[in-house]
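First comes the structure, then the notes that go with it.
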Amino acid sequence: MSVSELKERHVAATETVNSLRERLKQKRLLLLDTDIVRYARAQGRSPVSFGPTDLVCCRTLQGHTGKVYSLDWTPERNRIVSASQDGRLIVWNALTSQKTHAIKLPCAWVMTCAFSPAGQSVACGGLDSVCSIFNLNSPTDKDGNLPVSRMLSGHKGYVSSCQYVPDEDTHLITSSGDQTCVLWDITTGLRTSVFGGEFQSGHTADVLSVSINGSNSRMFVSGSCDSTARLWDTRVASRAVRTFHGHEGDVNAVKFFPDGYRFGTGSDDGTCRLFDIRTGHQLQVYYQHQGDNEIPHVTSIAFSISGRLLFAGYSNGDFYVWDTLLAEVVLNLGSLQNSHESRISCLGLSADGSALCTGSWDTNLKIWAFGGHRRMHCAVGRFLCILVKLVWFENHVNVLSPVILM
Amino acid sequence: MPPDTEDGVQYSFALEYTGPPVGYDIPRAVPINVNKIPVAAVVSHINFPQKITVPVVKPLLPSSDPSKNPNSVNIGENPGKDCGSEEAVITVSPTSVIERAADSNLQECVFSGELSSSGLLNDGGRSSSAIEFSGSFGDKSRDESLSKLRISNELSSNRDWESNESVLSSVDVDDEYPSSRVSSVKVSNNEVNGEGRKAPAVTFRDIESGDGVGGDAGGDIDDGFEGNEGFFEEEERVMRVKREARSKGKKGSCYRCFKGNRFTEKEVCLVCDAKYCSNCVLRAMGSMPEGRKCVTCIGFPIDEPKRGSLGKCSRMLKRLLNDLEVRQIMKAEKLCEANQLPPEYVYVNGEPLCHEELVILQTCSNPPKKMKPGNYWYDKVSGLWGKEGQKPSQIISAHLNVGGPIKGDASDGNTQVFMNGREITKVELRMLQLAGVQCAGNPHFWVNEDGSYQEEGQKNTKGYIWGKAGMKLVCAFLSLPVPSKPSNSCGEQVNSLISRSVPDYLEQRTLLKLLLVGYNGSGTSTIFKQAKILYKPVPFTEDERENIKLTIQSNVYGYLGILLEGRDRFEEESLAAMKKEQSTDETETIGSTSNTSCQTIYSIGPRLKAFSDWLLKTMVSGNLEAIFPAATREYAPLVEELWKDAAIQSTYKRRNELEMLPSVSSYFLERAVDILRTDYEPSDLDILYAEGVTSSNGLACLDFSYPQSASDDKYDPEDQHDALLRYQLISVHARGLGENCKWLEMFEDVGMVIFCVAMSDYDQFTVDGNGSYTNKMMLSKKFFESIVTHPTFEQMDFLLILNKFDLFEEKIERVPLTQCDWFHDFLPLISRHRSNNNSNSINNSPSLGQLGAHYMAVKFKRLYASLTGRKLYASVVKGLEPDSVDAALKYAREILKWDEEKPNFSLSEYSMYSTEASSYSP
């Protein structure tokens, strides 16, 4: 078979795939009799009302000297790890807003970081294509630097995102510019499985983000520059469980919905979308029309603990809080006076849901918490509000309480 | 002649002169640019009896009150006495709004004072500090005009404010230190305190105003704080007065909650003296990125008397925070840039230090202890160091190039005995006498750093001062210093400067980053390796060499595999051809040729065939790396046999037909037998040739400094600066990092981008991302375009490296450059008589290769200019020749230097004094 013949067949096959994809889209549209907005309206859901002071900045974490690229909270205890282009990881105590560790990295071009579930170690990855693990308890060397406790090397492109498998300190999933995601065994430092790549059906461009299902840690989604998101099962590395089309630009961020049946995406096309992993349908698009100038990219997203709110950071410095049900912008934190001065590059919700942390290219991190005086329907709600305030606004540094944003 | 005349009959009053040339100068009308008409000139130097300079004026804030809104028109009209009245407003103004307006008017006054050069700046408190300003007037007037420019921006749009802030801050930094030097010139600390208290003419009530707004709700406090923050910071930079917080509450209470009394435990801000109780300290000081400072004081230099307490933790903090947190705060406090000793405060031998000098002083092997702002003397020959007017306190490293020449009266001695040109004190004389030095007749000594001394004008060393037993005791008794240990020689010091660990903030500032990018196969890795070999004392560690060896060996197996694949193909082809021939021949000779027909020159024996099949199979399955190093041991003899086989040799002869085979492979294949031995040690040249050696994972970086050549040995501040500067070469592989260049924005702080293009690519084709067959040069061009136009590199300098000139020179003789569409208009004018290349390079007619290289550079320059409107630097390089790469990288350094010297209006990269860490990039 000659090369030209092969090429022809390839072109034909591509066309077929495209037409099938189009038909699939049509079919899905037919099946989609309603979207969340209409359904929610039909159910008589009212939009979340949010006053301008309901979510206020209560801490500013200063200390980085470069653009902040990534952050992660610990599951318990209010600690944050952040990665910045100054080549440092900083571990913060979010309540006191003090640093507890400043880790100088061997490679300054770090793109992602993650806290281990037990809070004993942090992982980071970047342009050096290696995911480095630091044990926070290990002794520092003579220059006061924390040594790398393990290097997970094997990626052939930059490490764009990493996340620990919930409740397992020994497993970690990374995504990379080499179009693959990898599940690692940290104790051995070896790849357990590789998702995607040359010989398997996987992403066809850089993978930018992963998110592991909180309720079923075998499932995770990945978002990629091929403008798709894919759902993977860690037991079946050979192929993606499902591919989610819809975005018209690189998918920069993916995040599982708290219930584990849906996930959200944020993309260069300026939209956030909500997909259902069971049906494969796109449930909702979140897009704010910006006028005729350039569409800002969505850099990072996070859901509130109930899932009713979607926080999305944009490349122009906007920071919207969306009502996920009604697809309405409830608040733009980026327009507040004390907001970040530059693009918001990462966000994360604390595990208890009481606070949101944002990292920005202006080198600062900010913690946002509920600061309003709203009456809640039930007594518990009121109580929680007060507790949130206690924790984040007063100096009760040691209050440990279950407090929820929404 | 104005150009208009040629096309207009209607301009009949002027016609073009066509007559014979005239012998005299024709008067010309100079076009007037309305915007550039000089309105008012700055008064010249001579009016000032003393050195007077004026503080830089910052742009005014758009005030909430339009009537008070200052603009550039009324600047000159504002009479000086207004200042006083405005001042009064400030001291009584209870709310921040009025204060704001008043302050902005106040600046205006300063501004007017500047323009009229009256020299009377505001009130007495200010003028006392104004007198002390150093620096030339000319400089300031430039800055001033700059800020004048800014003002209009300010007024028109509030949005610009943020962006201008950084610019202005760096403008102001120059002036910051001298103004507050008032207090520090006089060494005594008491005086400093006293002056500090007197000096402030304006105080800023940021603390209270923050509290005033939101005393009740915690969240609001933060709002108030941060809202005001920017404004006050801006203010403070201009009116460089000591920051002083003022408490609204009763004396001794906390500055934030107004509770408590003077006996409650409080933490003090290092800058403004504000005191906070344990409840408020964390809120008022935030995350303490620079140690214990109020949130509003972050970025300001500390109050000098408090320098001693840097890094010393109070009990309160220890109680409030855990151990790790406290440690981090103290570390930040000691090491952050804003808290470092400002070099202008330190005078050595009567001259203020510049930044580099201070760094040299602090990083030398024997640094002065407890350096405080003040006047010091330093004896460069012996390394003696002391406070001005006092006996020596320490012996530091000698021969440091800091400060001016030592003065005779530096230590205020009256003994008439001179040591290295300094009149020594009585105590020293006593010590010398005890050391057995003959001091009769008021001799002048030369004392070296090792303690050897000689009389002035004589050559022979007379002895060692500290050599005698018991001298240590004597010195301790007289509280004089002794040399701590044999000090290093000067040469060692220069070297150790590079390897020494420097504080982080310094490292950031002295590190210049060069980003090296290029399309696949453009030779970026060769240049990177070459730089490593050039500038590193140990280019590759043992481990690296071992890895490189394995890489090279597996590469060679790969090349062999390609050869074998080719052999298969050739065999099939020749068999097919043979069959065809046979079938045509068959009619004539029905002979028994079937035996020979299976044998072509490309056939190999069964054993080699088995090996070849195995190798091809491993290659296809993609785990070639997995078989090492076992394969080397096992197959080395086989490889030897294979390589010597006629079939392989004949395939190798046809290597031009094998597209997969890279051009470097012949270098290795010809030595395949040697390389595949287990005891093979790669040479530097092997490493240079090898593919995939520098971290295949996308990014490699190399910290280096250009070695000082013997010629620029002489000390010169410029050179010193250079010695501190370190460079970082970052090599990025486009392949490993995806086509979307998502990572590119991480490199916005690099000083320059070096873009590598392989010149010999012009006739090569490869499959691009869309699956079409494209010229590699065009792909390079496309990549170049995408990098150059990337928003991250908007103002970046680019250096184009035209690599592989050696290959190109050779190739252009065979393949015309017009092979590539982009170079279709290359029509070189070449003399026909070119007897041989060697002689040709000597006489001046350039070779075809040089012409081609020049043409290509021009092509890229035009492309660059059309894309960005700026100038592209280009350099032709042979990646395999060290000198060539060295020259290109030195050229890069020159470009960076030019950049710094360029007059720059944004001034944000006014590097050494800027507060931003990585401010080299525009």
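The values are calculated or read from the model by the stated rules, or taken from the named source; none is laboratory data. What you see is a predicted model, and the numbers here were worked out from it, not measured in a lab. Using ideal geometry, Cβ is built from the backbone for each residue, glycine included, and neighbour counts are taken over all protein chains shown. Note: areas computed on protein heavy atoms with side chains; ligands, DNA, RNA excluded. Shrake-Rupley method; radii C 1.70, N 1.55, O 1.52, S 1.80 Å.
Key figures
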quantity: Residues located in the range B:296-319, provided they are in contact (Cβ under 8 Å) with a residue 60 or more places away in the chain, within 13 Å of another protein chain (Cβ to nearest Cβ) and open to solvent by 20 Å² or more (accessible area, probe 1.4 Å); calculated: B:GLY299
quantity: Pair list, Cβ < 9 Å and 6+ apart or interchain, from the range B:563-576 residues that are basic (Lys, Arg) to residues that are open to solvent by 40 Å² or more (accessible area, probe 1.4 Å); calculated: B:ARG569/B:GLU657
quantity: Output for the range A:197-235, where each listed residue is assigned to a strand (DSSP E or B), open to solvent by less than 10 Å² (accessible area, probe 1.4 Å) and in contact with an Asp or Glu (Cβ under 9 Å, 6 or more places away or on another chain); calculated: A:VAL207, A:PHE220, A:GLY223, A:SER224
quantity: Residues located in the range A:29-48, provided they are open to solvent by 70 Å² or more (accessible area, probe 1.4 Å) and in contact (Cβ under 8 Å) with a residue 40 or more places away in the chain; calculated: A:LEU31, A:ARG41, A:ARG45
quantity: Candidate set: the range A:107-120, residues that are more than 10 Å from chain B (Cβ to nearest Cβ) and either open to solvent by less than 10 Å² (accessible area, probe 1.4 Å) or in contact with a Ser or Thr (Cβ under 9 Å, 6 or more places away or on another chain) (or both); chosen: the one farthest from A:SER350 (Cα to Cα); calculated: A:THR112
quantity: Criterion (among the hydrophobic types (A, V, I, L, M, F, W, C) and either touching a strand residue (DSSP E or B) at 6+ places or on another chain (Cβ under 7 Å) or modelled with pLDDT of 90 or more (or both)) met by exactly one of A:LEU333, A:LEU325; calculated: A:LEU333
quantity: Unmet requirement for B:ILE562, which otherwise passes all of (1) surrounded by fewer than 19 Cβ atoms within 10 Å (Cβ to Cβ); (2) more than 14 Å from chain A (Cβ to nearest Cβ); (3) modelled with pLDDT of 80 or more; calculated: (1)
quantity: Cβ pairs under 6 Å, 6+ apart, first in the range A:294-305 and without any contact (Cβ under 8 Å) to a residue 40 or more places away in the chain, second open to solvent by 10 Å² or more (accessible area, probe 1.4 Å); calculated: A:PRO296/A:SER315; A:PRO296/A:ASN316
quantity: Test: residue in the range B:428-448 that is under 40 Å from the mean Cα position of the chain (by Cα), farther than 24 Å from B:LYS372 by Cβ and not in a strand (DSSP E or B); calculated: yes
quantity: All positions within the range B:449-464 that are closer than 17 Å to B:PRO481 by Cβ, out of contact with any helix residue (DSSP H, G or I) (no Cβ under 8 Å at 6 or more places or on another chain) and part of a loop (DSSP other than H, G, I, E, B); calculated: B:GLU449, B:ASP450
quantity: Enumeration of residues in the range A:157-182 that are more than 14 Å from every other protein chain (Cβ to nearest Cβ) and either open to solvent by 20 Å² or more (accessible area, probe 1.4 Å) or among the charged types (D, E, K, R) (or both); calculated: A:GLN163, A:PRO166, A:ASP167, A:GLU168, A:ASP169, A:THR170, A:HIS171
quantity: Selection status of A:SER97, within 12 Å of chain B (Cβ to nearest Cβ) and closer than 27 Å to A:CYS58 by Cα; calculated: yes
quantity: Residues satisfying the stated conditions in the range B:320-344, i.e. facing chain A (nearest Cβ under 8 Å) and in contact with a Gly (Cβ under 9 Å, 6 or more places away or on another chain); calculated: B:GLN328, B:ILE329, B:LYS331, B:ALA332
quantity: Candidate set from the range B:410-450 (those that are in contact (Cβ under 8 Å) with a residue 60 or more places away in the chain and over 17 Å from B:SER393 (Cβ atoms)); member that is most open to solvent (accessible area, probe 1.4 Å); calculated: B:TRP446
quantity: Residue that is most open to solvent (accessible area, probe 1.4 Å) [pool: residues in the range B:511-533 that are farther than 23 Å from B:GLN764 by Cα and touching a Gly at 6+ places or on another chain (Cβ under 8 Å)]; calculated: B:LYS513
quantity: Test: residue in the range A:277-295 that is more than 23 Å from A:ASP54 (Cβ to Cβ), within 14 Å of another protein chain (Cβ to nearest Cβ) and open to solvent by 10 Å² or more (accessible area, probe 1.4 Å); calculated: yes
quantity: Residue tally, condition open to solvent by 20 Å² or more (accessible area, probe 1.4 Å), under 14 Å from B:ALA758 (Cα atoms) and out of contact with any strand residue (DSSP E or B) (no Cβ under 7 Å at 6 or more places or on another chain), over the range B:792-810; calculated: 4
quantity: Members of the range A:121-143 found to be within 11 Å of chain B (Cβ to nearest Cβ), surrounded by fewer than 15 Cβ atoms within 10 Å (Cβ to Cβ) and under 20 Å from A:THR74 (Cβ atoms), listed by number; calculated: A:ASN137
quantity: Pick from the range A:296-345, criterion touching a Phe, Trp or Tyr at 6+ places or on another chain (Cβ under 6 Å) and open to solvent by 40 Å² or more (accessible area, probe 1.4 Å), ranking: farthest from the other protein chains (Cβ to nearest Cβ); calculated: A:VAL329
quantity: Subset tally (residues that are without any contact (Cβ under 8 Å) to a residue 60 or more places away in the chain and either open to solvent by less than 10 Å² (accessible area, probe 1.4 Å) or more than 12 Å from chain B (Cβ to nearest Cβ) (or both)) for the range A:50-82; calculated: 1
quantity: Some residue of the range B:277-289 being surrounded by fewer than 17 Cβ atoms within 10 Å (Cβ to Cβ) and either within 30 Å of the chain's Cα centre (by Cα) or more than 14 Å from chain A (Cβ to nearest Cβ) (or both); calculated: no
quantity: Lone unmet requirement of (1) crowded, with 21+ Cβ neighbours inside 10 Å; (2) outside any loop (DSSP other than H, G, I, E, B); (3) in contact (Cβ under 8 Å) with a residue 12 or more places away in the chain for B:LYS334; calculated: (1)
quantity: Criterion violated by A:GLY246 - all others in (1) buried (at least 19 other Cβ atoms within 10 Å of the Cβ); (2) assigned to a strand (DSSP E or B); (3) not hydrophobic (A, V, I, L, M, F, W, C) satisfied; calculated: (2)
quantity: Residue within the range B:766-779 that is open to solvent by less than 30 Å² (accessible area, probe 1.4 Å) and in a helix (DSSP H, G or I) present; calculated: yes
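Listed here are the residues, each with its yes/no results for (1) modelled with pLDDT of 80 or more; (2) part of a loop (DSSP other than H, G, I, E, B); (3) closer than 19 Å to B:ARG814 by Cβ; (4) of a type in the set (Phe, Trp, Tyr).
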residue: B:PHE826; (1), (2), (3), (4): yes, yes, yes, yes
residue: B:ILE830; (1), (2), (3), (4): no, yes, yes, no
residue: B:SER841; (1), (2), (3), (4): no, no, yes, no
residue: B:ALA853; (1), (2), (3), (4): yes, no, yes, no
residue: B:ALA857; (1), (2), (3), (4): yes, no, no, no
